[in-house]
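Notes follow the structure.
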Amino acid sequence: DGGITQSPKYLFRKEGQNVTLSCEQNLNHDAMYWYRQDPGQGLRLIYYSQIVNDFQKGDIAEGYSVSREKKESFPLTVTSAQKNPTAFYLCASSIERQALYGYTFGSGTRLTVV
Amino acid sequence: DAKTTQPPSMDCAEGRAANLPCNHSTISGNEYVYWYRQIHSQGPQYIIHGLKNNETNEMASLIITEDRKSSTLILPHATLRDTAVYYCIVPGAGGTSYGKLTFGQGTILTVHP
């Protein structure tokens, strides 16, 4: 079945460490996105990529980095510069740049800084 | 992106229709309205989208007013599994918001027995 796989589902990190969240899709979608969700809040866009080897900052990119070396993969690194990294992270993809057919979301990674 | 306004919460009895409103008074002529929902601790799920005409699929119906300034998502026979946060989204048609969905706080729909 086609879809988006995020791993791991739960992640614990010590303060000051970088951590990378995985996002893989086999939908042949061009565009991919990373969102952050805090308790009781909506989703906020971190980074997005419309095509391989290209990505743009979203609304809250500070303290995060991404790469898009392959169409299927869009990993997110949460760096030590991110002041409040504990959150629920969601990866999404869309069939084309216009996202006219909507987004497909992964099941999310819950990151906790200890 | 066009701004959307939704009530923070709504209740619905199981088996009844759930009608979720959304105001998008600043929508432009070529912007679609999308609806997603998010069940607790899962990724959002696409429900339906529309431009001008009313739309229906196996999950829901979308009614868009003639002036396109508001819409209503209808779940015809709500079940307990429909309890979720429902997001009404109008993505930008171009520029830096091209293809980018902006999620607000949505409406928490609680379906009770």
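The values are calculated or read from the model by the stated rules, or taken from the named source; none is laboratory data. Small disclaimer: the values here were computed from a predicted structure and weren't measured. So basically every Cβ, Gly included, is an ideal-geometry build from the backbone, and we count neighbours across all protein chains shown. Note: accessible area is taken over every heavy atom of the protein model, side chains too, but ligands, DNA and RNA are not part of it. Shrake-Rupley method; radii C 1.70, N 1.55, O 1.52, S 1.80 Å.
Couple of notes before you dig in:
- Kirkwood Rh in Å, taken over all unlike Cα pairs in the protein assembly as shown: 18.1
- Annotation for region A:3-55: trypsin sites (Lys or Arg not before Pro) lying in DSSP loop with at most 11 further Cβ atoms inside 10 Å of their Cβ are A:K9, A:K14.
- Each eigenvalue of the Cα gyration tensor of chain A, multiplied by 5 and square-rooted, gives one semi-axis; in descending order these are 22, 14, 13 Å.
- Solvent-accessible area buried by A and B, counting both chains, probe 1.4 angstrom, square angstrom: 1700
- Between B:S25 and B:D67, the modelled label-to-label distance comes to 0.9 nm, taking each label 7 Å out from Cα in the direction of the beta carbon.
- Excluding the site residues themselves, the longest part of chain B lacking any trypsin sites (Lys or Arg not before Pro) in a DSSP loop with at most 16 other Cβ atoms within 10 Å is B:70-113.
- Sites matching GluC sites (Glu not before Pro) across region A:21-114 that sit in DSSP coil, with at most 13 neighbouring C-beta atoms within 10 Å: A:E62, A:E69, A:E96
- Two numbers describe the Cα atoms of chain B: Rg and Dmax, which are 13.5, 46 Å.
- Note on region A:1-65: the C-alpha convex hull projects to 5.7 nm² when averaged across all orientations.
- Buried on assembly, region B:44-82 (at least 40 Å² less accessible surface than by itself, 1.4 Å probe): B:P44
- Over region B:1-54 - Rg/Rh using Cα atoms and the Kirkwood inverse-distance radius: 0.99
- The distance between label points at A:D59 and A:K9 comes to 2.9 nm (points 7 Å beyond Cα on the Cα→Cβ vector).
- Shape category assigned to region B:26-75 from the gyration tensor of Cα positions, a/c cut at 1.5: prolate
- Entry comment: accessible area of the protein assembly as shown is 49 Å² per residue, from protein heavy atoms only and a probe of 1.4 Å.
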